[in-house]
Amino acid sequence: MTKILIVDDEPQILRALRINLKARGYDIELAADGAAALRVAGATHPDVVVLDLGLPDMDGVDVIRGLRGWSAAPIIVLSGRSGSEDKVHALDAGADDYVTKPFGVDELLARIRAVTRRHVAAPEAQSTVRIGRYTVDVGSHQVRPVSGGGDVRLTPTEWHLLSALVRNPGKLVSQRQLLQEIWGPQYATETNYLRQYMAQLRRKLEDDAAHPRQLLTEPGMGYRFVPYDEPAHGG
């Protein structure tokens, strides 16, 4: 059953959508503000998020960025803001579609079906990899030692960065591509973010963080994930 998280501060919209979508076989989670949306999403891992931009505690675009730090679930913006600039900001932050209020339930259902089809048609290339002493399951967000020891915990942003590299084994992923995918277009020059989070990933996963063998830097260009059974040089 497809799980949908609906985020809106208008109780009547939450109630109407919950009734209509549950009647059509969807599993529904609700949140009335941005903080609750991020908390519920982290706990329930929805398949689709329907999100209002005008929330009482934070802008919906910030919620999109927070979700995109770890989740690839489709996000449909449902907002009374009809200006093109608002749409551009939401889509650039990582939204998949934009529906303007007032809206018809049939239209929203069609958008949900469309983004769900696109998401299912594009699965991640690789889910489980070996890095150093650990087995990393990108799909379930778990890092386990190959033999002995405790699990390693990664932050949502660390997971997003690692996933972007693991999806492209052996390939150079540019700094700009990573920054835009994880933080958004407005962060395209903030290369210090990448240095910081790559250093954290290496400390947690590589056998020797000072001399990494799998999470490599290509100076001035980007980063590369080298699968465990391939020789690697560089740092």
*How about region 45-70: which of its residues are without any contact (Cβ under 8 Å) to a residue 60 or more places away in the chain, more than 16 Å from Y98 (Cβ to Cβ) and surrounded by fewer than 20 Cβ atoms within 10 Å (Cβ to Cβ)?*
H45, P56, D57, M58, D62
*Does region 50-71 hold any residues that are part of a strand (DSSP E or B) and either farther than 19 Å from A16 by Cβ or charged (D, E, K, R) (or both), and which are they?*
D59
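So that you can scan it fast, the table gives a plain yes or no per residue for (1) closer than 14 Å to I4 by Cα; (2) touching a His at 6+ places or on another chain (Cβ under 7 Å); (3) among the aliphatic types (A, V, I, L, M):
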position	(1), (2), (3)
L21	yes, no, yes
D27	yes, no, no
D47	yes, no, no
D57	no, no, no
W70	no, yes, no
V77	yes, no, yes
G80	no, no, no
E85	no, no, no
Y98	no, no, no
*From the list A41, A35, A16, A31, which one is modelled with pLDDT of 85 or more, over 21 Å from the mean Cα position of the chain (by Cα) and not aromatic (F, W, Y)?*
A16
*asked:* Just checking, does region 218-233 include any residue being at negative phi, among the hydroxyl-bearing types (S, T, Y), in a strand (DSSP E or B) and touching a Gly at 6+ places or on another chain (Cβ under 8 Å)?
replied: no
_Can you pull out every residue in region 72-93 that is in a loop (DSSP other than H, G, I, E, B) and closer than 22 Å to L109 by Cβ?_
A72, A73, P74, G80, R81, S82
*asked:* Can you tell me which of (1) touching a Phe, Trp or Tyr at 6+ places or on another chain (Cβ under 6 Å); (2) at pLDDT below 90 is the one V77 doesn't meet?
replied: (2)
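The values are calculated or read from the model by the stated rules, or taken from the named source; none is laboratory data. As the structure is a prediction and not an experimental result, all values here were calculated from the model. Reconstructed Cβ throughout: ideal geometry from the backbone, glycine too, with neighbour counts over all protein chains shown.
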